[in-house]
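Here the structure comes first, spelled out in structure tokens, and everything after it is commentary.
The values are calculated or read from the model by the stated rules, or taken from the named source; none is laboratory data. Just so it is clear, the structure is predicted and the values come from calculations on it, not from any experiment. Every residue, glycine as well, gets a Cβ built from its backbone with ideal geometry; the counts of neighbours run over all protein chains shown. In case anyone asks, the SASA skips ligands and DNA or RNA and just uses the protein heavy atoms, side chains included. Shrake-Rupley method; radii C 1.70, N 1.55, O 1.52, S 1.80 Å.
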Amino acid sequence: MWGYYLEQLIGSLPLFLKGLGITAAVSILSLVGGTIIGFFLGVIRAGGIKPVRFLIGGWVDLIRGTPFLVQLFIVFFIFPDVGIHLDALPAAVLSLTNLSACFICEIVAGGILAVPAGQKEAAAASGLSAYQQMRYLVMPQAMPTILPPLVGQYVLLIKDSSVISVIGVVDITRVGWLTVQRIPEGLMVFGLVGILYFIICYPIIRFSNLLEKRMKFGKYRF
Amino acid sequence: MLQAFNFRIILEYMPLYSQCFMATLWLSAVSLIGALLIGTAACAMRIGHYRPLARIAVIYIESIRSTPLLAQLYLVYFGLPSLGIRMSEEMTGILVLTLNSGAYMAEIIRGGIQSIPSGHIEAGIASGLNYFQRMRYIILPPALGATLPAMLGQAIVLVKDSALLSLISIMELTRAGQILTSERFMPVEGFLTTAAFYLLIYYILKSLTSWSQKRLIFREIH
């Protein structure tokens, strides 16, 4: 029996690879979007005017304080109520992008705030514009603090993307869920799902650890 | 949307919500305690001197950290019956949450232990303390203090992760939102109320986190 199921599972391997493609596509889209928006928000959060800072902080708290599943349901089920109809895939990308933007915003703001104030004052005293200060002084010094958790955040994002299977996006987890209805060997099917995620996530985790070790030496110390 | 927001329905469903709120708290608390125990054990195995045990701990920690919780949940939920083990949904959920958080806890505890200067440990060895005495009197008290903020952060993650248990039909906060949505077709009321309850837990845990961080800074000065 077991051998028969294994044969079936190998037969549906193309389906799993398709799911892997969807997971990768959704993750990369929201990763790029989340990074751009997150950096933008993080810079403002660390140095913008107070009401805006407060607003971003409040939004980040709302997103960090609720489960991603609930956020996904809100986007998928409540947005149609206010007239925004989204298919499952755009809804998934939208909520994942928002989630990663909020977490990245906190990482970036933390990194910028960790740069000693004297550095910024020196830059301002040298007559650099706000953009120049950020570009040539603050960001290069903040990067070693930002990079390792940023890469770690990408792993969390890929793992969180499994939740989008709930609203019907056919990613790896969804393929596993569909397959297990035909092949009632949960260990085998979700073992394969786990292995596929592991193949993507583990190298990134190792890379994040490596960055952390490297960056220890580049960091500004006082 | 806001004009149509129906508070009476929420009031009507309040008993369900408070029951589910307690269920979320209970599930998270039990899993948190379990995760602390497993995390301590896994960490002890990982930093211990016995190679095979350390390898098992590394495999456990890395495979949990590289795969999504949802895949782990489905693996156990669909996988255990094919091994002939029958468990209630609640037990499955608690088991998965515990194992998942345990791996992260192990890494947090390891970080805390490694933050102890090696001079302290050497002083302990020189004073003739054995391994358990060193752990009990030199390493663990400051290590636990240093890791408290990170552990509370993991507790926040755990509460949010417990939302996924609704997918294997455990009654908890997210499930309450789904029930209100499907019985009355009111996703707005249903999921926003759910989100509000999660935010309540989040803000309590967050203020505990900042309290523990302040206490930590205070202790480092002295």
**Message:** Rounding to the nearest 10 and keeping the result within 0 to 90°, find how far the Cα-based axis of helix A:13-47 lies from the longest principal axis of chain A.
**Reply:** 20 degrees
**Prompt:** Where a ≥ b ≥ c are the square roots of the eigenvalues of the C-alpha gyration tensor, would you call chain A rounded, which needs a/c under 1.5, or, failing that, prolate if a/b is larger than b/c, or oblate?
**Reply:** oblate
**Request:** Ignore the peptide's own chain and count Cβ atoms of other chains within 10 Å of each Cβ in B:55-62; give me the average, rounded.
**Result:** 1
**Item:** Helix-only [θ]222 nm of chain B, DSSP H runs n ≥ 4, -39500 (n - 2.57) each, per residue, nearest 500
**Value:** -27000 deg cm²/dmol
**Message:** Can you give me the accessible area per residue for the stretch A:2-218, using a 1.4 Å probe, in Å²?
**Reply:** 47 Å²
**Message:** If I compute solvent accessible area with a 1.4 Å probe over the protein chains, what percent of it on the protein assembly as shown is carbon and sulfur?
**Reply:** 69 percent
**Prompt:** Between chains A and B, what is the buried accessible area summed over both chains (1.4 Å probe, protein heavy atoms, nearest 100 Å²)?
**Reply:** 3100 Å²
**Message:** Can you show me the helix-derived [θ] at 222 nm for chain A, built from DSSP H runs with n ≥ 4 at -39,500 (n - 2.57) apiece and divided by the number of residues, rounded to the nearest 500.
**Reply:** -26000 deg cm²/dmol
**Request:** May I ask you to find the residues of the stretch A:122-170 that are shielded by at least 20 Å² of accessible area once the whole protein assembly is considered instead of their isolated chain (probe 1.4 Å)?
**Result:** A:Lys159, A:Ser162, A:Val163, A:Val166
**Request:** Give the accessible surface of chain B per residue, rounded to a whole number of Å², with probe radius 1.4 Å and ligands, DNA and RNA excluded.
**Result:** 51 Å²
**Message:** With every protein chain left in place and a probe of 1.4 Å, what is the accessible surface of A:Phe39, to the nearest 10 Å²?
**Reply:** 40 Å²
**Request:** Just name one of B:Ile204, A:Leu113, B:His120: the one whose Cα is farthest towards the positive end of the charge dipole of the protein assembly as shown (beta-carbon charges, Lys/Arg +1, Asp/Glu -1).
**Result:** B:His120
**Request:** Report the dimensions of the stretch B:75-222 along its three principal axes from the alpha-carbon atoms, largest first, rounded to Å.
**Result:** 68, 43, 15
**Complete:** One finds, for B:Phe185 and B:Leu25 with R0 = 25 angstrom and r their Cβ-Cβ distance, a FRET efficiency to the nearest 0.05 of 0.30
**Prompt:** Taking the Cα atoms only, what angle lies between the long axis of helix B:69-82 and the longest principal axis of chain B, rounded to 10 degrees?
**Reply:** 80 degrees
**1.4 Å probe, heavy atoms, protein only - residues of the stretch B:70-91 losing at least 40 Å² accessible area vs chain alone** = B:Leu70, B:Ala71, B:Tyr74, B:Leu75, B:Phe78, B:Ser82
**Asked** Per residue, what volume in Å³ does the Cα convex hull of the protein assembly as shown take up?
**Response** 176 Å³
